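**Student:** Here it is, the structure in full.
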Amino acid sequence: MKHWKMILFLIVLSTVCTLLLSSAQLAYNSASAMFNVRFYRVILDLFEIEAPEEMTEQVFMENFDIMTVGGTVYYISKIKEPGTVAFKSEGSGLWSRIEVLLAVTADHEKLYGMRVLSQAETPGLGGRISEIEFQESFRGVEIRPQLEIVKFASQPNEVDAITGASRTAQSLEKIINKGVAGMDKAF
Amino acid sequence: MKEAAGLKVPQKGYRLFKTKNWTVFVEGLWHNNPIFGMILGLCSALAVTNLMANALVMSLAVIVILVVNSTIISILKSVIPERVRMIAYMLIVSTLVITVDLMLKIFVPDISRALGPYVALIITNCIIMGRAEAFAINNPVGLTVSDALGAGMGYGFSLMTIAFFRELTGFGSLFGFRVIPESMTPAALFSIPPGAFFALGTFILIINAIRRRRAQ
């Protein structure tokens, strides 16, 4: 064996690296429970329910029923605005996956609120869907027959679009209506 | 031990500035700066400089990975068989990068999402491999740390300077704080990818003009 030293070195190095990576992955897995808590926090904020940081999960469970229908998880409010349904919807935007959180009122006629959970659209243009002002403009907008994002909103089912971000707005509109259609099927 | 690439250590001045460590450090920070000296690692420099916060996290990630990687390789230099040294670099840097990527996902999820694949792409960043092959493999640990810090901070300095101007012109803010009044419309061109090319080109142009003047 001429190359035993080389082989031994690579075996040892790969073993050490594998062990390190496995422990990093384990640490990541145990921390990912945190992501759930962060998502609960977004829903609580949307419903303007106050909760101290360390009680997030507990307060969330007291306030919401969790129901899974056809692969989508629905969070139904029990105390504040009872019957309001919150759920995630996602789809492709211009450049990226856009993930939104939607809340629909108990009569399933209006949006209670909307939050963009993740996106990587053009900064300064489509990326502005992450701005709180834009997201707040979805409060109380009717979703029948369909929600529409248009240039000058005048109807109760219309929201003002962002200049220079037509494609992102179109995608967002599609994602929201797809989510609502899914909810209609589930309930 | 080989001489560190035939560097001239200045004979006059403060003691710190006379050390070899300092000379090696400045070499990476300025004369052989990865971005405008060696024109390396441009892909990430173009992609993550739209916001200062993104550039800062990316620079810190590169500095940490560069220093740790170079140090490990410098320590192991007598053990690493010459014929498989590239494989060894790859294994070590991949382990480091994936670990740092997971840590960023845990601690700064928003910025991690904004950086997208560029943290994972540090594995193939020429700066890391370049410093490992050109310096760490045949220099002592102390000098290697200076070299890695110099190159890493040179990269960070370039990224932060570009990001400063791109965020200022593209968003009118710095680190997310608005510094230009709302009434002025920011030039969104600088926040989108084509703007990165203009900003980087201008940056290298200005730096080269300064360097040429100093050389005369």
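The values are calculated or read from the model by the stated rules, or taken from the named source; none is laboratory data. Everything quoted here is computed from the prediction, not taken from an experiment. As a convention, Cβ positions derive from the backbone with ideal geometry for all residues, glycine included, and neighbour counts pool all protein chains shown.
**Student:** Take residue B:37 and decide whether it is within 14 Å of residue B:154 (Cβ to Cβ), more than 14 Å from chain A (Cβ to nearest Cβ), at pLDDT below 90 and part of a loop (DSSP other than H, G, I, E, B).
**Tutor:** Yes; evaluated as a whole, the condition is true for this residue.
**Student:** Could I ask something else about it? Being under 13 Å from residue A:187 (Cβ atoms), part of a loop (DSSP other than H, G, I, E, B) and in contact with a Gly (Cβ under 8 Å, 6 or more places away or on another chain) is the filter here; which residues of the stretch A:51-96 pass it?
**Tutor:** A:70
**Student:** If you don't mind, there's one more thing I want to ask. When you go through (1) more than 14 Å from chain B (Cβ to nearest Cβ); (2) under 20 Å from the mean Cα position of the chain (by Cα); (3) not hydrophobic (A, V, I, L, M, F, W, C) one by one for residue A:80, which number turns out not to apply?
**Tutor:** Condition not satisfied by residue A:80: (2).
Per-residue answers, yes or no, for (1) of a type outside the set (S, T, N, Q); (2) at pLDDT 90 or above:
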| position | (1), (2) |
| --- | --- |
| A:30 | no, no |
| A:37 | yes, no |
| A:40 | yes, yes |
| A:44 | yes, yes |
| A:65 | yes, yes |
| A:70 | yes, no |
| A:77 | no, yes |
| A:87 | yes, yes |
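**Student:** Okay, next question. Might you let me know whether the stretch A:27-38 holds any residue that is surrounded by 12 or more Cβ atoms within 10 Å (Cβ to Cβ), farther than 30 Å from residue A:132 by Cβ and within 12 Å of chain B (Cβ to nearest Cβ)?
**Tutor:** Looking for residues that are surrounded by 12 or more Cβ atoms within 10 Å (Cβ to Cβ), farther than 30 Å from residue A:132 by Cβ and within 12 Å of chain B (Cβ to nearest Cβ), one finds at least one in the stretch A:27-38, hence yes.
**Student:** I'd like to check which helices (runs of 4 or more DSSP H) are fully inside the stretch B:74-144 and have at least 1 residues that are of a type in the set (Phe, Trp, Tyr), within 14 Å of chain A (Cβ to nearest Cβ) and surrounded by fewer than 20 Cβ atoms within 10 Å (Cβ to Cβ). Walk me through how you get there before you give the answer.
**Tutor:** Numbers: elements: B:85-107, B:109-115, B:126-134.
Passing ranges, in order: B:85-107.
**Student:** Is it the case that residue B:70 is at the interface with chain A (Cβ under 10 Å from one of its Cβ atoms), assigned to a helix (DSSP H, G or I) and on the phi < 0 side of the Ramachandran plot?
**Tutor:** No.
**Student:** For a quick check of your reading: which strands (runs of 3 or more DSSP E) sit entirely within the stretch A:109-187 and have at least 3 residues that are touching a helix residue (DSSP H, G or I) at 6+ places or on another chain (Cβ under 9 Å)?
**Tutor:** It comes to A:111-118, A:148-150.
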